[in-house]
1. Can you tell me how many residues in region B:677-697 are touching a strand residue (DSSP E or B) at 6+ places or on another chain (Cβ under 7 Å) and open to solvent by less than 30 Å² (accessible area, probe 1.4 Å)?
2. If we keep just the residues of region C:249-281 that are out of contact with any Leu (no Cβ under 7 Å at 6 or more places or on another chain) and within 11 Å of chain B (Cβ to nearest Cβ), which is surrounded by the most Cβ atoms within 10 Å (Cβ to Cβ)?
3. If you check A:GLU46 against the conditions, is it among the acidic types (Asp, Glu), part of a loop (DSSP other than H, G, I, E, B), at pLDDT 95 or above and open to solvent by 40 Å² or more (accessible area, probe 1.4 Å)?
4. Could you please find all residues in region A:133-148 being more than 15 Å from B:GLY663 (Cβ to Cβ) and within 13 Å of chain C (Cβ to nearest Cβ)?
5. Exactly one condition in (1) in contact (Cβ under 8 Å) with a residue 60 or more places away in the chain; (2) within 14 Å of chain A (Cβ to nearest Cβ) is not met by B:GLU107; state its number.
6. Take A:GLU57 and decide whether it is within 9 Å of another protein chain (Cβ to nearest Cβ), more than 29 Å from B:MET687 (Cβ to Cβ), under 15 Å from the mean Cα position of the chain (by Cα) and more than 16 Å from ligand 3 (Cβ to nearest atom).
7. Yes or no: B:VAL390 touching a residue at least 24 places away in the same chain (Cβ under 8 Å) and open to solvent by less than 10 Å² (accessible area, probe 1.4 Å)?
Amino acid sequence: MSKIEVNITVNGAKHRLEVGPKERLIDTLRERLHLTGTKEGCGVGECGACTVILDGEAVHSCLILTAQVDGSEVLTVEGLEVDGRLHPLQEAFIQHHAIQCGFCTPGMLMSAKALLDKNPNPTREEIKTAIEGNLCRCTGYEQIIEAIESAANELQAASH
Amino acid sequence: MFSTVNKPVERIDAYEKVTGRAKYGADLQFAGMLYGKVLRARYPSAKIKKINVERARSLPGVWAVMTAEDVPCNEIGVIIQDQQILAKERVYYIGDGIAMVAAESLETAARALEAIEVEYEEIPGVFCPIEAKNESPIHPDRRDNEIIHHKLRKGDVNKGFADSDVILNREYDTQFVEHGYLEPEAVVAVPHENGSLVTVYGSVQNIFATRDAVARCLKAGLSEIRIVQNHIGGSFGGKDEVVSSMACRAAILALKTNRPVKMVNTREESIVESYKRHPYKMKYKVGATKDGRLSAMEIEVVADGGAYACQTPFVPWRSVVQATGPYEVPHVKTDTYGYYTNNVYTGAMRGYGSPQVIFANESLMDELAQELGLSPLEIRMKNILRNGSVTASGQKLDRHEVSLAEVIEKAAKAIDFEEKYKRYSKPQSGDTRRGIGMAISYRGCSLGAEAVDAAGAVLSIQKDGSVYLYSGLAENGQGLKTVFCQIAAEELGVGMKHVTFLEANTLISPDSGSTVASRSTLVGGNAVLNAARRAKDALSKFVADQFGLSSSDLVFEDDYLFTLDGKKLISFAEAANKAFWAGVQLSHVGWYVAPSIHWDEEAGKGNPYFTYVYACQMAEVEVDMGTGEVTVLNMAAAHDVGRAINPEMLKGQIYGGVMMGLGYGILEEVEIDEGYILNLNFDNYLMPTSKDMPTIIPIIVENPDPDGPYGAKSIGEPTLELGAAAIANAIAQATGKRIRSLPLNLERVLLGYPLKKGRGKK
Amino acid sequence: MIDYEFIKARSLKEALDFLGNYEDVKAIAGGTDLIVDIRKENVRAKGFKRLLDISGLKELEFIEKERDRVVLGALLTHTSLIESPIIEQHFPLLASAAKTIGSPQIRNRGTIGGNINNASPAADLLPPLIALKAQVKLCSVRGERTMSLEEFLAGPYKTNRQSDELMTEVHIPLVNEDYLGNFQKIGRRKAMNIARLNLAILLGINDGTIFDPRVVPGAATAYPIRFGKVEEAISGKDIKDIDPVEIGELASEEMISFTGVRWSTPYKRVALASLVKRALESIFQEAKVDE
Ligand SMILES: Cc1cc2nc3c(=O)[nH]c(=O)nc-3n(C[C@H](O)[C@H](O)[C@H](O)COP(=O)(O)OP(=O)(O)OC[C@H]3O[C@@H](n4cnc5c(N)ncnc54)[C@H](O)[C@@H]3O)c2cc1C
Ligand code: FES
Ligand code: FES
């Protein structure tokens, strides 16, 4: 099978890769770049555990072929922490007990980040919509929603 | 009163988890690692006539292709050893493995599976547990298909019914349910690592059960097998036997190829293979007097055990104990059965035989109330267990606070039950109708009288005053590590940041049985407390000697040791350092054995559990009468937990359990047609999303238990067991129609019966 | 296992040339249908050897309002439909359908062209687009053609696209403010739902009288079509004289006249009637408020 050359930027680092036609973005992240924070829960776009931010938008890395995203920028959970400082969402998830098994957490964080980037002051309903594609079997969502609300406030306060 | 316990301290694993650093089974990499894959059955019931693996073996990059013949001991099981690691001559269910491969890439492994040729001869299967009763045994070496029969007897039901003014006969049934842990099963087996024959890392719920299975299948000693638990992406009772079987397969491949072998299920593989929650068919007969007192109950429950015994010998035992619900009933006769079928096998899932019977007995209680012209609250308040009550099994409840009345009152107040119940009882008009419903439960804590109930922990104080701790019970995402560290920190009077929790490892941790039955905090927590006390005693004695005091004069708090009147003596760290250099033993094993209990299997009575928790959940729903859509608006969940070691984590258990109960009530069902599973991924097996979430009011009730660490009991399972019943009662009030089968999906709510698509041509 | 070669189209022309040169090509846009089908080895994803990635064709990602119509590029995502002020203003019916699709991740990737060409009986954009009398434009090296979406659909998961054609645009004629629409959807849960049933209704209402009614249920018939008998029954009537319950029942009868009685009919018979009633009531309500 012929290889396709792909240039992508992941968490700020540029990569030139040769990928096969079937390689999904999630495979590239996990297997090639060893960014295993992004999780695979279903492989069919239903659980959201594989959510990453692609050129500013939350997407399922299990439903995208890496060959399709040549020239793109990808942000994964590993890219949220900057210079050893946690992102306010990460802090809020810790403080609000928005984590149990943690398998949904990376995807949740990315969906939440994509939301706050677009809409810094979301309503509770908008938060629920932003994470409607991220299943969590453990937490019942409540503390996740509280964490996102609190991170939004935090970010708002910081920007004033 | 407490410094660490009873406080919402942060989870100790949170940092790793929010940064993506936490490594789960599928995230592990080892040099030279191969990928293992399993070929699964094509039919749910068949003879295997021939397997040809030659073509698969010859593919480049394929290191091993193995079948049942290559497995030293092919049958495993915690209770009955009937579960095949790979199908030998017979396929018993659609998830059976036929052959397995290890290859250099996943793709090569997949191609190798495609190259394996299997010749089957289909044999008619048995797919209904009630028919299984009279069918010839699906396991040829067994007399019949009965896996288990448990009974419970109290008084004389004939007399009880004769004394009744009202008698109701009702049948209820429940569905197969998938655990839906978000992380599919994953293990890596590494051969000959650091003195072990094989080490298996991965998402293992119960390291000792998995170790026992691997040792058995390899015919190796228990001390040759190391099972190490990684971060685990949810389990809910589900990563036990199915992961044991995966671990066995990976271990065999690893030893055969002399390479590490990783096995990760896809979601489809996980759903087709993994055991489910038991579907129950239940017959209830209840008698009551005119004024609403229960006089007798006769119950028969049939559980579909599927192809393998797994936990079926035990699950219906919890049901037999709790089937009446938390009521005083003078005359009770309960029988629970489990049968083999050619369906997917069933096993432990959060609740473990309780959600099914609670759906039945709490629906029944509302039906009875309606018959007698009582409200749901009234009938329950007349019959609930109270301090000193005798349960259906004949156990007198006099060792702890029986707090049913309290949880009911608190939940009712929080959701405004009485007012809403009255309002929704009046005729409603329009497309949507509302209803409110309730359910209550009592739940025996920990394993109960059918198993040994002991656990250990090791705690070691280092010479800088920091502490590490490990236990034989394992984190499943529920927060066990944090709770155990809180208990240790509290007892030693040190900050949480000084306590490190190590992962569970069968070659280090004391065998503590399984992390199940919501027993971790209660039994495991007591073991941690015991270890901490031993270490503290050693340190106290040393420090007391130094200061010419006696141990009882010392107080451990805020990283210091004080005198009783508050004088600071020495920091914990300094004390630890001095003690270390003085040769004081600072590493201690803690052990806890649960209070003795007993069950007379023949007579069907006894004291099955040493303590119980009590709960009440209430649900308010809106039903679209034209489409059957149900919206759960509000839920109140009041749980007596003894003591909340970590109130925020406890709320997390409640929110999560309520949502799982909601899924059980109105959404989830593994659809099985003649043994074939129709919904193999989350596109068809639907679990609740953030949008399905009602407003949930968690209510924590604390009546400390004399036997719990700091009075704590359990929370994990009770939170999930009631929701479906409460929602079903609310829907019945809204629609005026009683539906006696789960889930209450669109079709059942609108039509009163389900619609089945069937699998079409296969 | 489905194997294929991957080709990224750098321009529309390159894409069309490629489609013209090879028989066994499958286009991939957002991939939200196709990648799932490939994983499941669905028959719909079989029989191709070359995967042509059109997701990078920026020239197909536009919304343009012309004099009497709006032109949509086939690669517009559901999110861009929802966020477009033009759609919001002129075709709220389409936006409300797009909002119900999948989750943000799906709406960020899934395209209108993919939704149409996948031609699922339950696709959420098909009923509103049919109700809006959308036209689709197909291009190939041989030229281009435009036809109504109704004509384009040929069956469940079947269209009249020729193998060398690519859908480039969707045209929606502007409607004046006399037209009111409503979209309904039933799913098993509150998000991430494939429709058990959906429905788009668009009615012209002048002085309380209905004209040019368009009633399009989805997931009710083999593929979404207009329900002519229902439309006939309400056309020219005053909304005061219409009993939504009765029209709902008529819709169910019309559904059964197409499908016969299937396993799901007992449910859909009742539920479709309810949806039609609900949609009509809500349009009538709006019409009264507008007066
Ligand atoms: C989790 C999940 C939830 C979903 N929920 C919904 C939902 O609620 N409602 C709904 O309607 N759909 C839903 N879908 C289906 C899907 O997201 C939509 O149909 C989407 O619009 C498809 O667009 P795409 O660009 O991803 O299509 P692709 O998968 O890229 O393509 C689909 C098909 O269309 C063809 N195609 C695509 N673009 C063109 C073109 N320009 N010209 C010719 N052929 C073309 C492809 O060759 C392929 O056969 C869901 C899917 C998933 C995975
Ligand atoms: S793994 Fe991508 S959505 Fe589940
Ligand atoms: S924390 Fe376990 S799935 Fe969300």
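The values are calculated or read from the model by the stated rules, or taken from the named source; none is laboratory data. Remember, it's a predicted structure, so these values are computed and weren't measured experimentally. Positions of Cβ are generated from backbone atoms using ideal geometry, with glycine treated the same way; all protein chains shown enter the neighbour counts. Surface areas here come from the heavy atoms of the whole protein model, side chains and all, with no ligands, DNA or RNA. Shrake-Rupley method; radii C 1.70, N 1.55, O 1.52, S 1.80 Å.
1. Qualifying residue count, region B:677-697: 2.
2. The qualifying residue surrounded by the most Cβ atoms within 10 Å (Cβ to Cβ) is C:SER274.
3. For A:GLU46, the condition - among the acidic types (Asp, Glu), part of a loop (DSSP other than H, G, I, E, B), at pLDDT 95 or above and open to solvent by 40 Å² or more (accessible area, probe 1.4 Å) - is not met.
4. A:GLY133, A:ASN134
5. (1)
6. Spelling it out, it is not the case that A:GLU57 is within 9 Å of another protein chain (Cβ to nearest Cβ), more than 29 Å from B:MET687 (Cβ to Cβ), under 15 Å from the mean Cα position of the chain (by Cα) and more than 16 Å from ligand 3 (Cβ to nearest atom).
7. When the stated conditions are applied, B:VAL390 does not pass them.
Here's the yes/no breakdown for (1) within 16 Å of ligand 1 (Cβ to nearest atom); (2) crowded, with 17+ Cβ neighbours inside 10 Å; (3) within 27 Å of B:ASN679 (Cα to Cα); (4) in the same structural domain as B:LEU255 (by TED's automatic domain parsing):
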site	(1), (2), (3), (4)
B:LEU86	no, yes, yes, yes
B:SER105	no, no, no, yes
B:ALA112	no, yes, yes, yes
B:GLU117	no, no, yes, yes
B:ILE138	no, yes, yes, no
B:ASP144	no, no, no, no
B:LYS159	no, no, no, no
